[in-house]
């Protein structure tokens, strides 16, 4: 059995947790070494530099997000339900502390200090999320289920910013319920009233 994949996954999981706890500059290979139980030299074997590690982490995070959006579409065919499922995912993560913050949102707040390779991956995440939300809103508007105040793209950007802001509010207040208190009205504002 090849433990290399498992070690790589352990390193990435540790880095993800450490980034959520303290940001890009808030951890070192020494911190990962303690958590994973391997020498720093072993981490360098898998990821020669911190840039390589975090770039790989964000690329994998983007893949997980794309798979998650595809899964939402399979299980929730209606656009409004897709928006609810997307915010519901984050609400559950915050409530059970399984994933308390979006890694890319946190890294985006550090963009001026990020290495360009990492910033590029973070930007790609936001572009993909915006494109998905735009398509959901366009489909919903086309079906008459969603009312847009502006273009689908501008509404998608506002939706995305509000969700990430709600993550920040929940974190700042130490209150997971703050997330839903912000995002539920956001979705209801978009839902067309059926007569």
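Where a number appears in this text, it was derived from the coordinates with a stated rule and is not lab data. Note that this is a predicted model, so its numbers are computed, not measured. Here Cβ is always computed from backbone atoms with ideal geometry, including for glycine, and neighbour counts include all displayed protein chains.
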- Message: Bins of 10 Å, beginning at zero and ending with the bin holding the largest distance: percent of Cα pairs per bin for the range 155-195, please.
- Response: 30, 47, 19, 4
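What translational diffusion coefficient, in µm²/s and rounded to a whole number, does the Stokes-Einstein relation yield for the range 100-195 at 20 °C and a viscosity of 1.002 mPa s, taking the hydrodynamic radius as the Kirkwood radius over Cα pairs? Before the final figure, lay out each step's value.
Working: Rh = 14.6 Å.
Approximately 147 µm²/s, per Stokes-Einstein.
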- Per residue, the convex hull enclosing the Cα atoms of the range 1-48 spans a volume in Å³ of 66 Å³
- Task: Using only the C-alpha atoms of the range 74-115, find the volume of their convex hull and express it per residue in Å³.
- Result: 108 Å³
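If you scale each eigenvalue of the Cα gyration tensor by 5 and take the root, what three semi-axes come out for the chain, rounded to whole angstrom and sorted largest first? Present the calculation step by step, with values, prior to reporting the outcome.
On the way: eigenvalues 236, 55, 47 Å².
With the √(5λ) rule applied to the chain, the semi-axes are 34, 17, 15 Å.
Please give the peptides 26-36, 153-163 ranked by average Cβ packing (other Cβ atoms within 10 Å per residue), highest first, as a rough proxy for protection.
Values: 26-36: 16.2, 153-163: 18.0.
Listed from highest to lowest mean packing, they are 153-163, 26-36.
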- Message: Run the Debye formula on the Cα coordinates of the range 120-162, all scatterers equal and no solvent, and tell me log10 I(q)/I(0) at q = 0.13, 0.31 1/Å.
- Response: -0.27, -1.05
- the range 18-108: radius of gyration over Cα atoms, expressed as a fraction of 2.2 N^0.38 Å: 1.32
- Message: Using a Gaussian network model on the chain with a 10 Å cutoff between Cα atoms, which of 38, 146, 94 fluctuates the most?
- Response: 38
